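Asker: Before I ask anything, here is the structure I am working with.
The values are calculated or read from the model by the stated rules, or taken from the named source; none is laboratory data. Not measured: the values here are computed from a predicted model. Note: ideal-geometry Cβ built from the backbone for every residue, glycine included; neighbour counts use all protein chains shown. These accessible areas exclude ligands, DNA and RNA; they are computed on the full protein's heavy atoms, side chains included. Shrake-Rupley method; radii C 1.70, N 1.55, O 1.52, S 1.80 Å.
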Amino acid sequence: MLQLVNVGHKALRDYATIATRGLMDEIRRLAEPLEGKRVVHLSATAFGGGVAEINYTLIPLMQDAGLDVEWRIIRGQEEFFNVTKTIHNGLQGAPDGLTAADKEIFLRYQELNAAEFEDDADFVIVHDPQPIGMIGCCPGSRARWVWRCHIDLSTPNPDVLDYIVPSLRTYDAAIFHRRQYVPDAGGLPQAFIWPPAIDPLAPKNMALSAEDAAYIVDQFGIDVDRPLLTQVSRFDPWKDPLGVIDAYREVKRGAPEVQLALVGSMAHDDPEGWDFYQSTVTYAEGDPDIYILSNLNNVGSVEVNAFQVHSAAVLQKSIREGFGLTVSEALWKARPTVAGRVGGIVDQIVDHETGWLVDSPSDCAQACLEILADPLTARRMALRGKEVVRRNFLTPRLLRDWLVLFNRLSGNDTAGADVATVAATA
Ligand code: UDP
């Protein structure tokens, strides 16, 4: 059996103060015909990164809505995760392709995982490419299979895309964060477009006072009386931590008191993470005002929350980004947010209205200097950004979208309810 993740319990009624009455009613109405339906989520890791973040909230709420939902983690050794990282990078546009040996490894783990998978669900939701081929090893499955893509597929390496397309064709539906991510290939299943969401009640995002945030951040050695810039993300080249350090150095020339925190967790399905962590440490050249922290320093959800709340500006200087939950997390805390003008980030920030979209370390530095020079204006913009998040990027909306899809795939009438297709408007 594949490892089951214990997601704990959450109650939909707790979200009634955050979601509109109309949305809560819609969720209950859509959930009724789905009572008791079995849903299995499959993903590569229960820790680190956006998929894990989303599932820990979405799954308990799907359960509370009356569905019978579980989340299982596929097995893999380093040889497999090296291949899946090449696939991930290739789908985001990296030039490296797959060798025959890589393909053999990938297929072997699909078969191995399918053999351990109890295929008795009504819906199987496959997150990202790592388990995408298991469907081919489950002939005669009675389930509806849905592929949920969390990555930026706008400029894929065609060879890597061609490798996953035959599997994708056998799905009943595929979901992307943005319309631009739907692959340009024939015979694909119906595509649905909706962005992910953050959980406003989770420890990562729940209200934390400025005093409590400062108290937590202080314990990591940060001088809480001097301004802090923070980026929270996996140690991954697409997140551009080296570009963040360049930007920080430029900020420091105009604002010498500034500090930088790079907070990044180590996901077990990300073998590149360790190397890239090391390169980031080397690049920081022992600067005492740069703090490079990870879950290995006990930075968990509450600590990430504290870093975001305490920061003068939160950065997400990605050069590719499926969505970028960290952007919504920062805006939800009304923090001035500076982020790469890429992928799903542009659906979350309206440039110079709710935050800053940047194209280079230098742009990023200029935005940070503006924020440090006029924090009140920056905060007013961030408050507008918070309203964009409230309307578009909180979990109840995501739950509604999934329920609409399950009903559609079951042939049920959704009485006009539809999924979100969203772009930020201030
Ligand atoms: N995250 C975290 N600790 C870290 C790094 C990331 O808790 O050290 C969380 C972050 O707060 C966010 C998620 O992991 O909720 C990352 O999601 P995002 O969409 O930004 O990027 P992904 O990792 O999926 O590419």
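Asker: Take residue 279 and residue 391, extend 7 Å from each Cα along the Cα→Cβ direction, and tell me the distance between the two endpoints in nm.
Answerer: 3.9
Asker: Once Lys and Arg get +1 and Asp and Glu get -1 on their Cβ, which of 299, 260, 273 lies farthest toward the positive end of the dipole of segment 205-313?
Answerer: Final value for the positive-end residue is 260.
Asker: Assign one of three labels to segment 77-174, namely rounded, prolate or oblate, based on the Cα gyration tensor with a ≥ b ≥ c the square roots of its eigenvalues; rounded applies when a/c is under 1.5, prolate when it is not and a/b is larger than b/c, and oblate otherwise. Please report the intermediate quantities before stating the final value.
Answerer: Numbers: a/c = 2.19, a/b = 1.42, b/c = 1.54.
Oblate.
Asker: While we're looking at this one, here's another question. If each DSSP helix of 4+ residues adds -39,500 (n - 2.57) and the sum is divided by the residues in the chain, what number results at 222 nm, nearest 500 deg cm²/dmol? It would help to have the intermediate numbers written out before the result.
Answerer: On the way: 13 runs with 168 residues, N = 426.
Calculated mean residue ellipticity at 222 nm is -12500 deg cm²/dmol.
Asker: Okay, moving on. By the gyration tensor of its Cα atoms, with a ≥ b ≥ c the square roots of the eigenvalues, what is the shape of segment 274-333: rounded for a/c under 1.5, prolate for a/b over b/c, or oblate?
Answerer: Details: a/c = 1.71, a/b = 1.35, b/c = 1.27.
Here segment 274-333 falls in the prolate category.
Asker: Can you tell me the length gained on complete extension of the stretch residue 142 to residue 162, counting 0.36 nm per residue apart and subtracting the Cα distance?
Answerer: Full extension from residue 142 to residue 162 adds 4.6 nm.
Asker: Dipole magnitude of the chain about its Cα centre, charges +1 at Lys/Arg Cβ and -1 at Asp/Glu Cβ only, in debye to the nearest 20?
Answerer: Values: 39 positive and 58 negative charges, 238 e Å.
Computed charge dipole of the chain: roughly 1140 debye.
Asker: Which of 346, 376, 399 sits farthest toward the positive end of the charge dipole of segment 326-426, with +1 on the Cβ of Lys and Arg and -1 on the Cβ of Asp and Glu?
Answerer: In segment 326-426, that residue is 399.
Asker: Calculate, for segment 112-191, the solvent-accessible area per residue in square angstrom, rolling a 1.4 angstrom probe over the heavy atoms of the protein chains.
Answerer: On the way: 3060 Å² over 80 residues.
Here the residues of segment 112-191 average 38 Å² of exposed surface.
Asker: How large is the accessible surface per residue of segment 236-391, computed with a 1.4 Å probe and reported in Å² as a whole number? All intermediate terms of the calculation are to be shown ahead of the outcome.
Answerer: Details: 5670 Å² over 156 residues.
It amounts to 36 Å² per residue over segment 236-391.
Asker: Could you compute how much accessible surface residue 296 exposes when probed at 1.4 Å, giving the result in Å² to the nearest 10?
Answerer: The accessible area comes out at roughly 120 Å².
Asker: Moving to a separate point now. Order the following by accessible area, largest value first: 401, 162. Probe radius 1.4 Å; ligands, DNA and RNA are ignored. Present the calculation step by step, with values, prior to reporting the outcome.
Answerer: On the way: 401 0, 162 100 Å².
Descending order: 162, 401.
Asker: Shifting gears a bit: With unit charges on the beta carbons (Lys and Arg positive, Asp and Glu negative) and the dipole taken about the Cα centre of segment 22-121, which residue among 94, 31, 41 sits farthest to the positive side?
Answerer: About the Cα centre, the residue reaching furthest to the positive side is 94.
Asker: Measuring from label point to label point, each 7 Å out along Cα→Cβ, what is the residue 415 to residue 4 span in nm?
Answerer: So the two model labels end up 3.4 nm from each other.
Asker: Where q = 0.19, 0.21 Å⁻¹, what log10 of I(q)/I(0) comes from the Debye formula for segment 91-231, counting one point per Cα?
Answerer: Calculated log10 I(q)/I(0) at the listed q: -1.09, -1.28.
Asker: Here's another thing I want to ask about it. If a/c stays under 1.5 just call it rounded; otherwise compare a/b with b/c (prolate if a/b is bigger, oblate if not). Do that for segment 7-74, with a ≥ b ≥ c from the square roots of the Cα gyration tensor eigenvalues. Show your work: numbers first, answer last.
Answerer: Details: a/c = 2.66, a/b = 1.52, b/c = 1.75.
Oblate shape, in that a/c is at least 1.5 and b/c is the bigger or equal ratio.
Asker: Something else about it: Roughly how far apart, in whole Å, are the Cα centres of segment 84-111 and segment 40-58?
Answerer: So the two Cα centres are separated by 21 Å.
Asker: Counting only DSSP beta bridges with both residues in the chain, what percent are antiparallel, rounded to the nearest 5? Mind dumping the intermediate values first?
Answerer: Details: 2 of 44 bridges.
So the antiparallel bridges amount to about 5 percent of the total.
Asker: Return the long-range amide H neighbours of residue 291 (sequence gap of 5 or more, or a different chain), with a cut-off of under 5 Å between placed amide H atoms.
Answerer: The answer is 260, 261, 262.
Asker: Roughly how many debye, to the nearest 20, is the charge dipole of segment 208-356 about its Cα centre, given +1 on each Lys and Arg Cβ, -1 on each Asp and Glu Cβ, and no other charges? Walk me through the intermediate numbers first.
Answerer: Numbers: 11 positive and 23 negative charges, 54 e Å.
For this selection, approximately 260 debye.
Asker: I would also like to ask the following. Could you give the length gained on full extension between residue 29 and residue 302, defined as 0.36 nm per residue of separation minus the Cα-Cα distance, in nm? It would help to have the intermediate numbers written out before the result.
Answerer: Values: separation 273, 0.36 × 273 = 98.28 nm, distance 3.39 nm.
So the extension gain works out to 94.9 nm.
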